[in-house]
Amino acid sequence: VYPNGISTSLPKDVQDSIVHSIPGLEETKILQYGYAIEYDYVDPRALQQSLELRVLPGLFLAGQINGTTGYEEAAAQGLMAGVNAARSDESFAIDRSEGYIGVLIDDLVTKGVSEPYRMFTSRAEYRLTLRADNADDRLTPKGLEAGIVHEKRAEAFHVKHKAWTALRSWAGKPETTPNEAAALGITVKQDGRRRSALDLLALPDVTFDQLAQHFAPLQNLSDDSRAKLEADATYAGYLDRQKADMIAFRREEGLHIPDDFDFRGLKGLSNEVAEKLSAARPTTLGQASRVEGVTPAALSLVLVHVRNFDRVA
């Protein structure tokens with residue numbers, strides 16, 4: 001049993017008291033008491049998105065030295081730092097809309113840390129899209145791009161992805177009329193509008209098994225494919241809205257801020273914001289928007305000057 005949430009470095013007698021206060025653990029003997037480790041770290045705002053130090057090209061940092069805690073956080077950084085250290089042509093990155101690795105690294109290099117950083121799902125803006133059931137669809141193509149996916153795994157992915165794409169395409173086609181739905185025992189508005197399998201699956205009184213009795217493509221599906229279809233149907237409206245947000249996000253991320261851009265020289269930008277942007281050194285407008293204290297007005301000012309900077313350059 002792992003009693004999550006009571007890890008501590010308090011004195012041993014206090015740890016004993018805490019554990020013994022839990023019903024059922026009154027006579028428990030602690031074999032290894034919790035302890036704390038202090039360590040120094042590099043301000044992660046000194047890193048590029050590739051986890052390479054700005055002032056020392058060729059040196060990549062990952063893990064606790066970047067101010068994080070947790071095995072998963074260290075492994076994610078190690079993967080990205082290792083890939084980028086091996087690539088001499090261009091850096092490899094995952095952005096916030098593509099995966100939690102992107103959220104983790106963007107938070108570190110943009111905001112820095114004031115306490116050991118952990119990757120909570122609440123830190124991500126696109127949680128409905130960043131699901132475990134679609135992780136391979138989102139990230140295996142990125143891995144192929146980076147050259148880190150084994151040939152056999154790549155082949156298996158292509159077969160699976162092709163089947164899923166065909167299934168998802170069929171499920172999204174509006175083919176069932178209200179009368180046809182009624183014949184299946186499904187009540188919908190008699191509005192003449194055809195509905196897709198996803199539309200029907202989203203109805204509160206309709207189950208996947210019920211639809212599978214009438215639609216051959218839904219029969220004999222893997223648990224993964226079934227779960228993904230159910231999630232897409234349940235959150236369809238929210239996913240569409242999130243997709244629009246992601247398009248807007250990528251538009252901002254696509255506007256590059258030059259390395260030698262002088263934030264302190266912008267007229268109309270407060271000294272406080274200029275100092276924060278100069279310290280963070282955001283590489284895109286999107287990153288600049290996530291620096292603490294940067295207002296929409298300040299962001300608009302940066303946008304105008306970056307575009308003028310590019311035209312002059």
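Annotations for the structure displayed:
- Lone unmet requirement of (1) part of a helix (DSSP H, G or I); (2) closer than 16 Å to Leu108 by Cβ; (3) at pLDDT below 95; (4) open to solvent by less than 60 Å² (accessible area, probe 1.4 Å) for Arg96: (1)
- Being within 15 Å of the chain's Cα centre (by Cα), over 20 Å from Gly58 (Cα atoms) and free of Cβ contacts under 8 Å to residues at least 24 places away in the same chain holds for only one residue in Arg123, Arg131, and it is Arg123.
- Conditions (1) more than 15 Å from Gly102 (Cα to Cα); (2) part of a loop (DSSP other than H, G, I, E, B); (3) open to solvent by less than 70 Å² (accessible area, probe 1.4 Å): number failed by Ala85: (2)
- The one condition in (1) open to solvent by less than 50 Å² (accessible area, probe 1.4 Å); (2) under 30 Å from Glu275 (Cα atoms); (3) in contact (Cβ under 8 Å) with a residue 24 or more places away in the chain; (4) not aromatic (Phe, Trp, Tyr) that His256 fails to fulfil: (1)
- On inspection, Gly286 does not qualify as farther than 30 Å from Ala132 by Cβ and either under 21 Å from the mean Cα position of the chain (by Cα) or open to solvent by 70 Å² or more (accessible area, probe 1.4 Å) (or both).
- Output for the stretch 1-21, where each listed residue is outside any loop (DSSP other than H, G, I, E, B) and either aromatic (Phe, Trp, Tyr) or open to solvent by 90 Å² or more (accessible area, probe 1.4 Å) (or both): Lys12, Asp13
- Residue satisfying all of: in the stretch 207-253; free of Cβ contacts under 8 Å to residues at least 60 places away in the same chain and of a type in the set (S, T, N, Q); farthest from Leu285 (Cα to Cα) among these: Gln213
- Top-ranked residue in the stretch 36-78 [being part of a helix (DSSP H, G or I) and touching a residue at least 60 places away in the same chain (Cβ under 8 Å); ranked as surrounded by the most Cβ atoms within 10 Å (Cβ to Cβ)]: Pro44
- Within the stretch 22-35, the set of residues being free of Cβ contacts under 8 Å to residues at least 12 places away in the same chain and loosely packed, with under 12 Cβ neighbours inside 10 Å comprises Pro23, Gly24, Glu26, Glu27, Lys29, Leu31, Gln32.
- A single entry from Arg250, Arg241, Arg264, Arg281 fulfils the requirement of being crowded, with 18+ Cβ neighbours inside 10 Å and among the basic types (Lys, Arg): Arg281.
The values are calculated or read from the model by the stated rules, or taken from the named source; none is laboratory data. All of these numbers come straight from a predicted model, not from anything done at the bench. All Cβ positions, glycine included, derive from the backbone under ideal geometry; neighbour counts span all protein chains shown. Accessible surface is based on the protein model in full, side chains and every heavy atom, while ligands, DNA and RNA are left aside. Shrake-Rupley method; radii C 1.70, N 1.55, O 1.52, S 1.80 Å.
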